[in-house]
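Here is the structure we will look at, set down as structure tokens.
The values are calculated or read from the model by the stated rules, or taken from the named source; none is laboratory data. Everything numeric here is computed off the predicted structure, so don't read it as measured data. Cβ coordinates were reconstructed from backbone atoms using ideal geometry, including for glycine residues, and neighbour counts include every protein chain displayed. Accessible surface is based on the protein model in full, side chains and every heavy atom, while ligands, DNA and RNA are left aside. Shrake-Rupley method; radii C 1.70, N 1.55, O 1.52, S 1.80 Å.
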Amino acid sequence: MQIGLGLYLLLQGLQWLYYVRRRNMTDAGFYAPRTAVLCSCKGLEPGLERNLTTLTEFDHQNYEIFFVLASEADAAHSIVKRVAASSRPKAHVLIAGAPVECGEKCNNLRFAIEQLPPDFEFLAFADSDGRPGKSWLKRIIAPLADARIGATTTMRWLVPNRSDLPSALLAAWNAPVVTMLTEKGKNFCWGGGTAIRRSVFDQIGVIEDWKCSVSDDYSLTRALHHAGRSIMFLPDCLTVSYVEANFASLLEFTNRQILITRVYSEQMWAFGFATHTLYCLTLLLGIALTLSDLAAGLPAFHHAMLTFLPILLGMMRSSLRVAAVTEIFSSLRSQIMGQAWIYILLTVFIPFLYVANFITSLITRKIRWRTITYELVSPTQTRILAN
């Protein structure tokens, strides 16, 4: 079963690589509708000013930027103001106030959208920890010229700023998520890179959902799925994010992502729990049987093959993923290839971290996100426990 699954995932990896190549050759054209780029900010993070500056450098000709914070006392406020003041396109800095029974990011984005003039036809969402390329906005908006597409989305690719183990594990943990999004699959939105027609956004009622949600992207995904609208994944819009982590922040981030998935997409959570647990149990059992055979002087090849062939297939899939990403980020090719062991070798052990995340999500409903502690009661109920 594990070998069959490994072969299927390897085939999917090849399909993903070919899709990346087709998208890279696609011309974004000259479609340039009036677009609002919305970015919620909170606190300081590595490269924050450079990250925000990239949002002011898109080659899209008809957009404005809306940076949103909860408070002027936020540590990021002075940097945001400085970036906005030097921006080529018009940039706004909005203060949304403290959230009430919802996530701060949801509150910030909701506040910003409610202030938008009616002439903005499209909304594009970006995160403050990402660094999108100059053609990102043009490319993420272009497919929406087809009104049948509900939204376009992409995903982050984490690049460690440091060579320590927690940063490497975080990058390796995130890498498989990238290939969960496909050309024709039932995709989900990522809050750091999603675009949508404003008329569609209004029709599906996301603003109301955000009033009691902690997850901007899962709530948007659920609303689009309920409305029967498609989500198009654009690998050519993949966004690099430079990360630094210690073991505490690694567990905080990964536990948060899995618990949010459990609350907002229980079917995806259950499938992930089952597949990662199966992988870990099969690997441990296979190693135990192989060692037992060797200790008893018995032939161990068959157990070793059944144990390690799925690992080899997984590493081949990871290699295809890295190859595709280096084609997207051609300017970062040497850096990504220099860290390829993170995305290829470490991913062999990452399912064990995922299982720990899944188990944690069974025993708590609390997360900590940028200094705020939330309790996720349900997709439609959030409690703020500490700020």
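Values computed for the structure shown
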| quantity | calculated |
| --- | --- |
| Residue list for the range 161-199, restricted to those being part of a strand (DSSP E or B) and either in contact with a Cys (Cβ under 7 Å, 6 or more places away or on another chain) or open to solvent by less than 20 Å² (accessible area, probe 1.4 Å) (or both) | Gly193, Thr194, Ala195, Ile196 |
| Unique match (being open to solvent by 20 Å² or more (accessible area, probe 1.4 Å), touching an Asp or Glu at 6+ places or on another chain (Cβ under 7 Å) and closer than 18 Å to Ala175 by Cα) among Ile311, Ile328 | Ile328 |
| Residue among Gly130, Gly193 that alone is farther than 14 Å from Met232 by Cα, modelled with pLDDT of 95 or more and not aliphatic (A, V, I, L, M) | Gly130 |
| Residue in the range 230-252 that is of a type outside the set (A, V, I, L, M), over 30 Å from Lys134 (Cα atoms) and within 16 Å of the chain's Cα centre (by Cα) present | yes |
| Contacts under 8 angstrom Cβ, first residue in the range 34-45 being closer than 13 Å to Val80 by Cβ and at pLDDT below 95, partner of a type outside the set (Phe, Trp, Tyr) and not in a strand (DSSP E or B), 6 or more apart | Leu44/Ala75; Leu44/Ala76; Leu44/Ile79; Glu45/Asn51; Glu45/Ser128; Glu45/Asp129 |
| Any hit, the range 64-87, residues being of a type in the set (Phe, Trp, Tyr) and either in contact with a Ser or Thr (Cβ under 6 Å, 6 or more places away or on another chain) or at positive phi (or both) | no |
| Test for Met337: is it open to solvent by 30 Å² or more (accessible area, probe 1.4 Å), more than 27 Å from Asn255 (Cβ to Cβ) and assigned to a helix (DSSP H, G or I) | yes |
| Residue ID - farthest from Asn62 (Cα to Cα), chosen from residues in the range 22-40 that are of a type in the set (Lys, Arg) and open to solvent by 40 Å² or more (accessible area, probe 1.4 Å) | Arg22 |
| Met305, sole failed condition from (1) surrounded by 17 or more Cβ atoms within 10 Å (Cβ to Cβ); (2) out of contact with any Asp or Glu (no Cβ under 9 Å at 6 or more places or on another chain) | (1) |
| The listed residue being open to solvent by 40 Å² or more (accessible area, probe 1.4 Å), among the β-branched types (Val, Ile, Thr) and out of contact with any strand residue (DSSP E or B) (no Cβ under 7 Å at 6 or more places or on another chain), out of Ile287, Ile258 | Ile287 |
| Among the residues listed as Thr382, Thr347, Thr326, the single one being in contact with a Leu (Cβ under 9 Å, 6 or more places away or on another chain), β-branched (Val, Ile, Thr) and either assigned to a strand (DSSP E or B) or in contact (Cβ under 8 Å) with a residue 40 or more places away in the chain (or both) | Thr382 |
| Enumeration of residues in the range 219-245 that are surrounded by 22 or more Cβ atoms within 10 Å (Cβ to Cβ) and under 19 Å from Cys106 (Cβ atoms) | Ser219, Leu220, Thr221, Ala223, Leu224, Ile231 |
| So Leu10, is it in contact with a Leu (Cβ under 8 Å, 6 or more places away or on another chain), of a type outside the set (D, E, K, R), on the phi < 0 side of the Ramachandran plot and exposed (fewer than 15 other Cβ atoms within 10 Å of the Cβ) | no |
| Members of the range 99-147 that are in contact with a strand residue (DSSP E or B) (Cβ under 8 Å, 6 or more places away or on another chain), more than 23 Å from Gln203 (Cβ to Cβ) and polar (S, T, N, Q) | Ser128 |
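For every residue, the table says whether it meets (1) closer than 29 Å to Ala96 by Cα; (2) part of a helix (DSSP H, G or I); (3) in contact with a Phe, Trp or Tyr (Cβ under 7 Å, 6 or more places away or on another chain); (4) at pLDDT below 95.
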{"position": "Ala223", "(1), (2), (3), (4)": "yes, yes, no, no"}
{"position": "Ala274", "(1), (2), (3), (4)": "no, yes, no, no"}
{"position": "Ala304", "(1), (2), (3), (4)": "no, yes, no, yes"}
{"position": "Ile311", "(1), (2), (3), (4)": "no, yes, no, yes"}
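One line per residue, one yes/no per condition, for (1) open to solvent by 30 Å² or more (accessible area, probe 1.4 Å); (2) touching a Cys at 6+ places or on another chain (Cβ under 7 Å); (3) under 11 Å from Arg256 (Cα atoms):
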{"residue": "Leu345", "(1), (2), (3)": "yes, no, no"}
{"residue": "Val348", "(1), (2), (3)": "no, no, no"}
{"residue": "Tyr354", "(1), (2), (3)": "no, no, no"}
{"residue": "Ile359", "(1), (2), (3)": "yes, no, no"}
{"residue": "Leu362", "(1), (2), (3)": "yes, no, no"}
{"residue": "Ile367", "(1), (2), (3)": "no, no, yes"}
{"residue": "Thr371", "(1), (2), (3)": "yes, no, no"}
{"residue": "Ala386", "(1), (2), (3)": "yes, no, no"}
